[in-house]
Amino acid sequence: MNVDNVKSQMRKGMLEYCILLLLRKEQAYASDIIHKFKEARLIVVEGTLYPLLTRLKNDDLLSYEWVESSQGPPRKYYRLTDKGEGFLGELEISWKELNETVNHIANS
């Protein structure tokens with residue numbers, strides 16, 4: 001078994017959760033999301049992020065608005081919808097339960 005494959009799967013499973021967490025605080029442009037992930041040492045490229053944003057938008061968890069930019073073309077800013085807030089709440093419960101389970105197993 002390749003540890004890099006397992007790490008990649010773990011990372012993929014939490015990306016949507018992390019996107020929703022970021023957008024709960026404020027609306028953001030895709031490059032802002034990538035920058036915040038880099039600050040958290042979670043490297044995500046545009047080719048990974050944009051399909052996730054589209055899927056979350058199609059599932060009505062996110063919405064977006066076009067905002068004029070003084071530095072080029074208009075930018076698409078994403079925000080959490082009410083449905084996205086509810087979904088995020090459910091993910092937070094699942095994350096806490098999973099974290100408790102892993103900590104219990106690791107410390108037993």
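The values are calculated or read from the model by the stated rules, or taken from the named source; none is laboratory data. Given the structure is predicted, the values throughout are model-derived calculations rather than measurements. Every residue, glycine among them, receives a Cβ derived from its backbone with ideal geometry; neighbour counts consider all protein chains shown. We work out accessible area using only protein heavy atoms, side chains counted, and drop any ligands, DNA or RNA first. Shrake-Rupley method; radii C 1.70, N 1.55, O 1.52, S 1.80 Å.
Out of all the residues in the stretch 13-25, which are at pLDDT 95 or above and either basic (Lys, Arg) or surrounded by fewer than 11 Cβ atoms within 10 Å (Cβ to Cβ) (or both)? Listed by number, the list holds a single entry, Arg24.
When His35 is tested against (1) over 22 Å from Leu98 (Cα atoms); (2) open to solvent by less than 70 Å² (accessible area, probe 1.4 Å), only condition (2) is not met. A single entry from Ser63, Ser70, Ser31, Ser108 fulfils the requirement of being over 20 Å from Lys7 (Cα atoms) and modelled with pLDDT of 95 or more: Ser63. Among the criteria (1) out of contact with any strand residue (DSSP E or B) (no Cβ under 9 Å at 6 or more places or on another chain); (2) surrounded by 10 or more Cβ atoms within 10 Å (Cβ to Cβ); (3) of a type in the set (Ser, Thr, Tyr), the one Thr81 does not fulfil is (1).
For Met10, are the conditions met, namely being part of a helix (DSSP H, G or I), without any contact (Cβ under 8 Å) to a residue 12 or more places away in the chain and exposed (fewer than 10 other Cβ atoms within 10 Å of the Cβ)? When the stated conditions are applied, Met10 passes them. Within the stretch 72-90, residues that are without any contact (Cβ under 8 Å) to a residue 24 or more places away in the chain and more than 12 Å from Leu22 (Cα to Cα) sit with their Cβ atoms under 8 Å from residues that are polar (S, T, N, Q) and surrounded by 12 or more Cβ atoms within 10 Å (Cβ to Cβ), at 6+ positions apart or across chains, in these pairs: Thr81/Ser63. Scanning the stretch 34-57 for residues that are among the hydrophobic types (A, V, I, L, M, F, W, C) and more than 20 Å from Gly89 (Cα to Cα) yields Ile34, Phe37, Ala40, Leu42, Ile43, Val44, Val45, Leu49. Within the stretch 42-78, the set of residues being assigned to a strand (DSSP E or B) and surrounded by 11 or more Cβ atoms within 10 Å (Cβ to Cβ) comprises Leu62, Ser63, Tyr64, Glu65, Val67, Arg75, Lys76, Tyr77, Tyr78. Residues in the stretch 71-86 that are more than 13 Å from Leu56 (Cβ to Cβ) and of a type in the set (Gly, Ala, Ser): Gly72, Gly86.
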